[in-house]
Amino acid sequence: MTSILIQNVRVLCPASGIDKITDVRIADGRISHIGRAPAADETIQAQGHWLMPGVIDLAARLREPGATAKATIASETKAALGAGITTLVMPPDTKPIADTPAVVDRIHAKAAQAGGASVRVLGALTVGLHGEALGELSALKAAGVVGVTNGAAPLANLLVARRALEYAHGLGLTVHVLALDASLANHGCAHEGAMATKLGLPSIPVAAEVAAIRQWISLVEDTGAAVHFCRLSSARAAELVESAQARRLPVTADVAAHQLFLTDAALEGFNALAHVLPPLRSADDRDALRGALAKGVIGSICSDHQPHEADAKVNPFPLTEPGISGLETLLPLALRLVEAGVLSPLQCAARLSAGPAAVLRMPAPRIAVGEVAKLTLLDPIVHWTLVTEAMQSRGRNTPFAGQSFHGRAVRTFI
């Protein structure tokens with residue numbers, strides 16, 4: 001195996017608090033030297049570049065098995081690798097549902113064959129994601145799932161939720177929760193506000209998220225189970241998570257990168273590219289999410305990657321499929337937060353690597369001698385424009401098309 005020497009690079013390692021310019025040498029798939037190092041087969045002059053632990057994306061739908069007209073594991077893992085992402089976490093809402101070890105094994109085998117970013121799977125909390133009978137959580141854990149979730153599908157009642165937490169807690173599995181009360185959401189598709197009223201769209205109030213979070217936190221208090229709240233969208237949700245963490249409850253949270261920049265104003269003209277779930281909310285909510293991210297209340301940024309074919313976004317707005325193709329904007333949007341002074345470079349690296357690793361109960365990724373080289377090398381100042389035709393993902397559904405960015409991955413090491 002070849003050796004690589006990365007010279008004069010700014011090393012950002014959140015796990016050890018390292019932020020310094022030095023040399024890093026990789027040999028036989030591991031970091032062999034930091035600082036003074038012998039020559040290597042390949043030398044990268046990386047002055048002005050940053051080297052951080054590989055990006056871990058907590059929410060990426062790869063559409064396989066079941067929806068390969070939209071994307072495949074091979075296409076999306078390669079797109080992720082090009083975007084600086086070394087690990088993708090797949091929700092279980094595939095077809096068939098990832099509620100058996102056989103489906104999990106199939107996904108792992110496909111990902112290994114693809115040779116792009118690593119793929120980890122969240123197992124289905126209930127059989128078929130129907131919200132009633134608990135899934136085979138013990139067997140799913142043995143198959144290697146990194147957590148369990150019911151995704152966007154509601155549970156039948158709070159008793160099922162409590163039993164699920166008790167079961168998962170006994171197995172040492174974190175339950176990932178998309179907090180959305182189905183009755184309050186009432187099949188809405190936009191934030192309850194002036195824009196939804198203007199466009200005549202059925203709305204989802206903030207209360208749908210808040211009510212669900214309150215219930216889950218109450219169950220965490222009773223069971224002691226670890227819950228990770230996925231894709232927070234509102235200021236009130238962030239406040240509830242912060243309160244739970246202050247009481248030392250095992251609660252974590254992430255936010256989708258697009259929620260940190262877009263608001264419901266992006267829906268103007270029935271722009272289906274901005275149709276997401278949970279919906280884009282107000283500017284105040286967006287700013288509160290940024291504040292919670294800076295404080296560490298929200299410990300992770302994810303892409304919430306949902307690639308679609310073009311036809312999925314051409315129906316009347318409520319009938320279009322929600323979701324953004326987000327792999328290729330995850331790191332650039334995070335770098336925008338650094339540029340805006342919301343996060344320091346080290347905090348940015350933490351929200352993209354150490355934070356997600358903690359949610360998955362994985363060791364904190366480190367840039368240290370002897371560690372496996374899963375690393376992202378990025379240029380924080382290179383100027384580029386997002387052109388949909390140049391995207392590596394099969395999904396071109398992004399509201400950021402045509403926008404200019406500063407910073408992107410230039411090399412990903414696995």
For residues in region 164-211 being over 23 Å from the mean Cα position of the chain (by Cα) and among the acidic types (Asp, Glu), which is least open to solvent (accessible area, probe 1.4 Å)? GLU166
Restricting region 356-379 to residues that are closer than 30 Å to GLY402 by Cβ and surrounded by 23 or more Cβ atoms within 10 Å (Cβ to Cβ), which is farthest from the chain's Cα centre (by Cα)? LEU378
Would it be correct to say that GLY147 is touching a helix residue (DSSP H, G or I) at 6+ places or on another chain (Cβ under 9 Å) and modelled with pLDDT under 95? no
Residue count, region 140-163 (criterion: surrounded by fewer than 19 Cβ atoms within 10 Å (Cβ to Cβ), out of contact with any His (no Cβ under 9 Å at 6 or more places or on another chain) and of a type in the set (A, V, I, L, M, F, W, C)): 5
Exactly one condition in (1) open to solvent by less than 40 Å² (accessible area, probe 1.4 Å); (2) touching a Ser or Thr at 6+ places or on another chain (Cβ under 9 Å) is false for PRO345; which is it? (2)
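Okay, residues lined up against (1) polar (S, T, N, Q); (2) open to solvent by 40 Å² or more (accessible area, probe 1.4 Å); (3) under 16 Å from the mean Cα position of the chain (by Cα); (4) modelled with pLDDT of 95 or more:
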residue: LEU267; (1), (2), (3), (4): no, no, no, yes
residue: PHE270; (1), (2), (3), (4): no, yes, no, yes
residue: LEU273; (1), (2), (3), (4): no, yes, no, yes
residue: ASP287; (1), (2), (3), (4): no, yes, no, yes
residue: GLY291; (1), (2), (3), (4): no, no, no, yes
residue: GLY299; (1), (2), (3), (4): no, no, yes, yes
I'd like to check something: does region 364-372 contain any residue that is touching a Leu at 6+ places or on another chain (Cβ under 6 Å), touching a residue at least 60 places away in the same chain (Cβ under 8 Å) and closer than 30 Å to ILE4 by Cα? no
Evaluate region 316-325: report whether one residue or more is β-branched (Val, Ile, Thr) and open to solvent by less than 10 Å² (accessible area, probe 1.4 Å). yes
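The values are calculated or read from the model by the stated rules, or taken from the named source; none is laboratory data. Predicted, not measured: the structure shown is a model, and the values here were computed from it. Cβ sites come from the backbone with ideal geometry, for glycine too, and all protein chains shown count toward neighbours. Note: accessible area is taken over every heavy atom of the protein model, side chains too, but ligands, DNA and RNA are not part of it. Shrake-Rupley method; radii C 1.70, N 1.55, O 1.52, S 1.80 Å.
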